Each structure stands twice: as C-alpha cells, then as structure tokens.
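One structure below.
Nothing in this text is a laboratory measurement; each read-out follows from the coordinates by a stated rule. All values reported here derive from a predicted model rather than from experimental measurement. Here the Cβ positions follow ideal geometry from the backbone for every residue, glycine too, while neighbour counts run over all protein chains shown.
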Amino acid sequence: MNPKPPPNETRHDLATTQSLREQYEAGATVADLVTASGMSYGTVLNRLREAGTTMRTSWQTRRLREDAQARHRLALRLRTLYDKHGATLTDLAATGAGTRRAARRLLIEAGGTPRTTQQTLRMRSTADAPTRKKLAASLRAKYEAGASVPELAKQCHYSVATVYRLLHLAKTRMRPPHQHGPTPRRRRRS
C-alpha cells in the first residue's frame, strides 16, 4: 500500500519535490532551484529535506561543478609555486585558489605537503642570503666610512637591530659607543 500524502500537498507538489531533489543531486544549488521554481529559499530547503536529500556544503557544490582537468592544472601550478618558489598559502590564495583553505586542499591534491611557518621562513632566508650579504657589505662600507648605525637604519628603512645584525653578518669591526667617524686602522707591527 502507498502511504497517503500529507493533506496540504497535492500530487503536483510531490512531483515538484522529487524534481527539486533530482536537480539538486545533479549539481544545482539551492539558489538555482529558487530561481527556477519561483519558490522561496526556505520552501526549497524544506522540500529538499522532506524528500530526504543529503545536503552539500558550498565548497562541495563548487568542487562538484568544477572541471576536473582545470582543477588538476591549477593544483599542479600552485604546488610548483609552493615547492620551488617558496610561496605561502596566502600567496597561493591570491594566485587563484581563492582562500588559504582551498589552496591547502589543492596543494594536498597535487601531492604537496604543507610546510610549517618555520620551514617557510628558513626557505625564504636561504633564497634571500645573496641579497642580504650584498646589503651587509654595503652597510659595512658606509659604517667604516663614518656613518652611525642609527643613520644607516634611517637610510635603508630598517630597524637599528637589523642594521646591527647585518653589520655582524659582514664581520664589521664595531666602534666603541659614542665614537663617530671612520673606524680606526690597526697599526701594523714592524
């Protein structure tokens, strides 16, 4: 025996409910169904739930609708940027993934492994080493010509602590405090 439909629904409503479920399961969103049916958002949701529809999250809908090959190409491109160029998840999100979470998901789909913040900093530090050494040598030359550390910091828009670190990196012989002017030369013993 067939169950009796609820008294406030007609057979047409049941067909509409089943049709809504089929369209939703084929990839349509609730907003698409609202536009197509002319019903309110709440009514469409209620009808889908009455029909026993398993609801999707918005990202599941986007994933269902995306072209698989285009997604794969994007994932591979993001992994290359991440692994070979030291990009962060934020950089990948700006490149085309949309959000950090989506970037992480695409990276994992392409076989990549997300790095920790410390690993990213180390990777970038290694990549920036030649530029940093060049800057350190330039600061050393200016310092030995008589410039003070605060002046150097102001010129290159770094903190005083960073300038000290760069001078230390260049193995600069530091002047005693409050003695400005050229670095004294060591006398050679004869």
Item to check | Environment charge of H85, counting only residues whose C-beta is closer than 14 Å and scoring Lys/Arg +1, Asp/Glu -1 | outcome: +2
Next on the checklist: Percent of Cα-Cα pairs more than 15 Å apart in the stretch 75-115, please.
Outcome noted: 18
Next on the checklist: Could you derive backbone 3J(HN,Hα) for the stretch 141-156 from the dihedral phi with the Karplus parameters 6.51, -1.76 and 1.60 (θ = phi - 60°), listing whole Hz in sequence and x where the residue is Gly or Pro?
Outcome noted: 4, 5, 5, 5, 7, x, 6, 8, 4, x, 5, 5, 4, 5, 5, 9
Next on the checklist: From the convex hull of the Cα coordinates of the stretch 34-115, what is the mean projected area in square nanometres?
Outcome noted: 7.0
Checklist entry - Stokes-Einstein D for the stretch 92-174 at 10 °C, 1.306 mPa s, Kirkwood Rh over Cα pairs, in µm²/s? => result 104
Item to check | Residues of type lysines that K171 reaches as a straight line, Cα spacing below 29 Å, ignoring anything fewer than 8 places off in the same chain | outcome: K133, K134, K142, K154
